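**Q** Sending over a structure as structure tokens; questions will come in a sec.
The values are calculated or read from the model by the stated rules, or taken from the named source; none is laboratory data. This one's a predicted model, so the numbers in the text were calculated from it and none came from an experiment. Don't worry about glycine lacking a Cβ; one is built from the backbone with ideal geometry, like all the others, and counts go over all protein chains shown. What goes into the accessible areas is simple: the full protein's heavy atoms, side chains included, and nothing from ligands, DNA or RNA. Shrake-Rupley method; radii C 1.70, N 1.55, O 1.52, S 1.80 Å.
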Amino acid sequence: MLATLGVLRLGVYRTTPRLTKRAALHQRREALKFSSASLQAKVDSFRKDVELYLPSNGDKVVFATAWLATDNAFVALMHEFFPEMLKGLNLVAIDTLHLFPETLECAKLVQEKYGKAALWKLPKDVSTLDEFEAKYGTAEDLDSADFDFVSKVEPFQRALEECQKEILITGRRMDQAAQRIELAVWEEGKRTLNPMVGFSWSDILDCVDKYGVPINRGHNYAFRCTSPIEATKRHLPDLPWTKVDLGKPFWKAADDELKGSPPAPLVYVFKSFGDTHTTVPVEPHESERAGRFVRQAKTECGIHTRTTSAGGPHGGGLKNLMVQDASAAQALVEATTRTIVLNERQACDVFCLLNGAFSPLSGFMTEEAYNSVVTTMRLPEKQLFGLPVTFDLEDASDIKTGDKLLLSWAGEDVAILEASSIWKPNKVVEAKEVYGTSSLEHPSVYSMLAEQGSYYVGGKLHGFTSPKFKYPVQSPAEVRDMLPEGKPVVAFQNRNPIHRAHFELLKCAQRDVEDSVLLVHPTCGPTQPGDIDGVVRIKTYEALKEETAKEYPMFRWAYLPYSMKMAGPREAIQHMIIRKNFGATHFIIGRDMAGTKSTITGDDFYGAYDAQEIGKKYSAELGVTVTHYENMVYVGPEIGYVEESVAKKQGQKVVKLSGTEFRRRLRSGEEIPEWFAFKSVVDILSEAGDDAFC
């Protein structure tokens with residue numbers, strides 16, 4: 001029955017054999033009746049969702065529009081059913097300075113018809129294409145992730161801040177791409193409404209017709225050619241095709257109108273519009289997204305995947321991979337093919353994945369994600385991610401794609417790994433890219449190459465219970481609950497007991513960031529040989545927490561089960577992402593963060609301030625402000641601690657106690673001065689003796 005609409009909507013339905021005129025008219029009436037009923041059901045659902053999730057005055061609600069047919073249909077429906085809400089909400093548009101002229105024309109029509117002006121944002125500090133290219137470079141020369149950030153993500157983040165966004169509305173639909181097939185109407189973690197999620201492309205076209213929605217004039221163009229042209233070349237000039245203006249949207253053109261006379265063997269049309277250098281026409285039967293992001297290994301521009309805000313989780317929403325339904329959990333367990341007992345390093349990763357510390361990951365990285373992160377420090381959809389998160393096994397010969405692996409830790413079944421990717425990585429390449437060296441003198445490189453499994457298994461993780469450790473740990477959700485609302489959160493990561501110099505740095509940071517909370521957030525999982533054991537470290541933190549609670553009420557303490565990689569600059573990015581997921585708006589990066597030395601020569605593998613520099617480079621993209629300090633040094637009881645450069649400038653004598661000397665005194669029971677370490681901390685370390693060290 002629907003096939004007769006092929007004349008009206010080429011590419012949506014296929015045409016049928018010729019019918020008698022009367023039969024054709026009858027079928028067309030029936031098809032239109034069915035289509036109208038289908039649209040009405042979608043509109044009814046739309047209205048219910050809008051009423052359920054949005055405030056009636058539209059206050060602090062943002063709709064992100066690219067002036068696509070779906071976006072314009074949303075505005076039309078809001079104008080029809082919720083005019084007051086439309087007046088109050090913020091319509092945000094980004095001019096990347098690389099849009100099609102027809103897109104800007106369409107934007108003008110929509111704004112005029114519905115009396116709703118958009119809040120336009122451009123790339124920072126530029127207003128013309130020439131200025132953009134002078135400041136940032138050409139679109140062809142820029143890395144796609146960098147282009148998306150400067151032209152879309154950063155301007156959009158400015159718009160959200162200006163609008164004081166509390167709820168975001170998108171025009172995303174499930175039928176647009178495989179990555180959107182599980183898209184929900186309401187995403188609570190992201191405070192995002194997707195009211196068009198259940199509409200199909202055909203529904204949108206019906207909506208355009210019924211409500212007279214303005215659409216992009218570029219839909220009128222047909223590109224007729226005699227042979228296929230690769231999608232990656234369709235953006236080039238002077239191609240062997242004939243561009244024809246049909247005078248109507250391509251879906252309203254009959255087959256002979258579309259193909260012309262004599263009929264062209266192949267016709268391309270624009271079904272969607274983005275930037276001119278990444279959007280190409282496609283065959284009418286292809287999806288809208290088929291012509292977007294050509295020549296790029298991604299399916300989203302970053303607005304939906306990389307837009308962030310201070311204190312918001314990485315990727316927009318905090319992942320929770322716990323299976324909530326008991327019967328679903330039982331079904332997963334019954335389908336398992338193998339049980340794997342985790343080591344502590346793996347258990348830490350499982351904890352971080354299940355509870356969202358590694359958001360936006362939903363499991364251990366697949367080979368595609370792994371390769372992307374190793375070589376570009378970005379996930380396939382271009383979100384920053386400092387280090388690969390992988391599940392290693394020495395032997396994967398009995399595992400095949402689709403197998404469900406039961407993961408056990410400390411005698412308890414904690415999760416199921418759904419294997420979707422199994423491969424043998426090139427660990428030498430991984431070492432060089434991630435650690436900057438393949439030398440076995442780097443302790444983590446040695447562990448990866450000589451001690452860890454030869455195969456990686458990636459896939460979604462389904463959690464039953466959070467792994468438990470010998471020390472108390474807190475999830476991102478638990479930490480966020482204990483942070484006061486509306487205050488900046490300065491996070492401090494460390495892997496050693498906190499001595500006086502560390503604590504002076506914390507006091508400076510909490511003082512320098514006005515009205516802030518200081519989150520002391522040490523890692524307590526496996527680390528390099530010679531470090532203080534995690535259980536002992538927790539005891540020192542708890543003692544210091546109790547000792548300083550009254551004087552420093554704006555300090556919060558929480559403990560993270562995380563296996564340190566000592567990867568220097570790239571691990572600094574990883575820690576920024578993790579603390580962002582825990583609610584941090586600021587992150588302290590001190591001298592030589594996550595650094596390590598050669599086990600042979602004692603030489604540093606990274607520069608003293610490499611971590612600070614990379615942190616500052618990506619600070620805006622992550623929405624985390626880097627708070628960086630020099631070493632704090634002790635210059636005597638009258639002044640106490642100052643930054644090292646201040647001591648040098650003032651010619652003050654620095655009193656020092658090396659780490660080696662500190663350890664020697666601990667072992668021998670000699671006195672350790674109070675200017676160097678808190679007595680409560682020293683007592684715990686002394687009592688532990690040699691057992692304090694890994």
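**Q** Using mean Cβ contacts within 10 Å as the protection proxy, how do 60-71, 317-328, 613-624 order, highest first?
**A** 60-71, 613-624, 317-328
**Q** Helix 534-548 against the longest principal axis of the chain: what's the angle in degrees, Cα atoms only, rounded to the nearest 10?
**A** Helix 534-548 sits at roughly 80 degrees to that axis.
**Q** Order these peptides, 343-349, 124-130, 470-476, by their mean beta-carbon neighbour count within 10 angstrom, highest first.
**A** Ranked by mean Cβ neighbours within 10 Å, highest first: 343-349, 470-476, 124-130.
**Q** Select from P155, Y435, T337 the residue farthest towards the positive end of the dipole of the chain; place +1 on Cβ of Lys and Arg, -1 on Cβ of Asp and Glu, and compute about the Cα centre.
**A** P155
**Q** Would you mind checking the tilt of helix 344-354 against the longest principal axis of the Cα atoms of the chain, expressed as 0 to 90 degrees and rounded to 10?
**A** 40 degrees
**Q** Please tell me the relative contact order of the stretch 357-494 in percent, rounded to the nearest whole number, where contacts are Cα pairs under 8 Å and at least six residues apart.
**A** With pairs under 8 Å counted, the relative contact order is 28 percent.
**Q** Could you report the stretch 130-247's accessible area per residue, 1.4 Å probe, as an integer in Å²?
**A** Normalised by residue count, the accessible surface of the stretch 130-247 is 46 Å².
**Q** Still on this structure: What does the extension gain come out to for T465 and A41, with contour length at 0.36 nm per residue minus their alpha carbon separation?
**A** Full extension from T465 to A41 adds 148.6 nm.
**Q** May I ask which residue of L246, T278, T226 lies farthest towards the positive end of the charge dipole of the stretch 214-296, with charges of +1 (Lys, Arg) and -1 (Asp, Glu) on Cβ and the Cα centre as origin?
**A** So the residue furthest toward the plus end is T278.
**Q** Additional query: Sort K233, K565 from largest to smallest accessible area, using a 1.4 Å probe on the heavy atoms of the protein chains.
**A** K233, K565
**Q** May I pose another question? Would you give the gap between the C-alpha center of the stretch 431-475 and the C-alpha center of the stretch 338-406, rounded to a whole Å?
**A** The distance from the Cα centre of the stretch 431-475 to that of the stretch 338-406 comes to 9 Å.
**Q** Over the chain, what is the relative contact order in percent, taking alpha-carbon pairs closer than 8 angstrom and at least six residues apart?
**A** This gives 10 percent for the chain.
**Q** Subtract the Cα-Cα distance of F662 and E51 from 0.36 nm times their separation in residues, and report this length gain in nm to one decimal.
**A** 213.5 nm
**Q** Got a sec? Which residues in the stretch 333-362 would a label at E182 touch, if it sits 7 Å along Cα→Cβ and we count backbone N under 11 Å?
**A** 362
**Q** Ok, one more. By its C-alpha gyration tensor, with a ≥ b ≥ c as the square roots of the eigenvalues, how is the stretch 223-292 shaped: rounded for a/c under 1.5, else prolate for a/b larger than b/c, else oblate?
**A** oblate
**Q** Sorted by accessible area (1.4 Å probe), largest first, how do K116, K400 line up?
**A** Ranked list, largest accessible area first: K400, K116.
**Q** I would also like to ask the following. Among the listed pairs K597/K648; K124/K580; K165/K580, give every one whose C-alpha distance is greater than 21 Å.
**A** From K597/K648; K124/K580; K165/K580, over 21 Å: K597/K648; K124/K580.
**Q** Using a 7 Å offset from the Cα along the Cα-to-Cβ direction at both S362 and D604, what is the distance between the two label points in nm, to one decimal?
**A** 4.2 nm
**Q** Under 8 Å for C-alpha pairs, at least 6 residues apart: give me the relative contact order for the stretch 479-535, rounded to a whole percent.
**A** Relative contact order of the stretch 479-535: 43 percent.
**Q** For the stretch 489-528, what is the accessible area per residue in Å², given a 1.4 Å probe and the full set of protein chains?
**A** Per-residue value: 29 Å².
**Q** Given W423, L266, W409, which one lies farthest toward the positive end of the charge dipole of the chain, if we put +1 on the Cβ of every Lys and Arg and -1 on the Cβ of every Asp and Glu?
**A** Farthest towards the positive end: L266.
**Q** So how much slack lies between D143 and S261, counting 0.36 nm per residue of separation and subtracting their Cα-Cα distance, in nm?
**A** 38.2 nm is the gain from fully extending D143 to S261.
**Q** Run through every distinct alpha carbon pair of the chain and return the Kirkwood hydrodynamic radius in angstroms, one decimal place.
**A** 28.4 Å
**Q** While we're here: Under a crude label model (7 Å from the Cα following the beta-carbon direction), how far is E542 from A254 in nanometres?
**A** Simple spin-label model gives 8.3 nm for this pair.
**Q** Sticking with this one: Please enumerate, by chain and number, the lysines with C-alpha under 16 Å from the C-alpha of K116, excluding those fewer than 8 residues away in the same chain.
**A** Within the straight-line cut-off, K116 pairs with K60, K87, K108.
**Q** How far, in degrees from 0 to 90, does helix 367-376 lean away from the longest principal axis of the Cα atoms of the chain, to the nearest 10?
**A** Result, in degrees: 70.
**Q** Still on this model: With each run of n ≥ 4 DSSP H residues scored as -39500 (n - 2.57), what mean residue ellipticity at 222 nm is computed for the chain after dividing by its residue count and rounding to the nearest 500 deg cm²/dmol?
**A** -10000 deg cm²/dmol
**Q** I need the peptides 450-457, 566-573 ranked by packing, meaning the mean over residues of other C-beta atoms within 10 angstrom, with the highest value on top.
**A** Descending mean neighbour count gives 566-573, 450-457.
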